[in-house]
1. Checking the a/c ratio against 1.5 first, then a/b against b/c, what shape does the Cα gyration tensor give for segment 7-89?
2. Based on other C-beta atoms within 10 Å, arrange Met68, Met1 from fewest to most.
3. Between Met1 and Arg50, what FRET efficiency comes out of the Förster formula 1/(1 + (r/R0)^6) with R0 = 41 Å and r the beta carbon distance, rounded to 0.05?
4. Rg to Rh ratio, the chain, alpha-carbon atoms and Kirkwood radius?
5. How high is the relative contact order of segment 11-145, given as a whole-number percent (alpha carbon pairs under 8 Å, six or more residues apart)?
Amino acid sequence: MYSDKVMDHFENPRNVGEIENASGIGTVGNAKCGDIMRIYLDIDDDGIIRDCKFKTFGCGAAVATSSMATELVKGKSIEEAMKVTNKAVMEALDGLPPVKVHCSLLAEEAIHAALWDYAQKKGIHIEGLVQPKSDIHEEESGEEY
Ligand code: FES
């Protein structure tokens, strides 16, 4: 059912933990499955993501996608991190079963939420970034905050 890469990232997740004084922190959840993901970003003055950590209270696919997402954004510029979509995360993991696609959406949204937090703190605008939803199934934006 799961690829070797998914199993590897589930069993040996990379970048688990927190970053003290993080440049940006994003927390998102999915009310339907109850899973929650938090991403911490450490961004330097040149806009490069020097470090990225995560905490995920969720299913195995959510752990694997957040682990892979942190690997994909680490060392990247903000612009490059914006290209780390759920599709990119899924491809890097050699795919996910259809019922688990929403888990990868949580990872994309958590990165965006952390970037949003960073942009708010810095007072900057990040091209293509819109205010993330705290619940990825919640269509009425903002209401769940
Ligand atoms: Fe909801 Fe995986 S089942 S994030």
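1. Here segment 7-89 falls in the prolate category.
2. In increasing order of surrounding Cβ atoms, one gets Met1, Met68.
3. Rounded to the nearest 0.05, the efficiency is 0.70.
4. Rounded to two decimals, Rg over Rh is 0.94.
5. 27 percent.
We did not get these values from a lab; they are worked out from the coordinates using the rules stated. Computed from a predicted model, the values in this text were never measured in an experiment. So basically every Cβ, Gly included, is an ideal-geometry build from the backbone, and we count neighbours across all protein chains shown.
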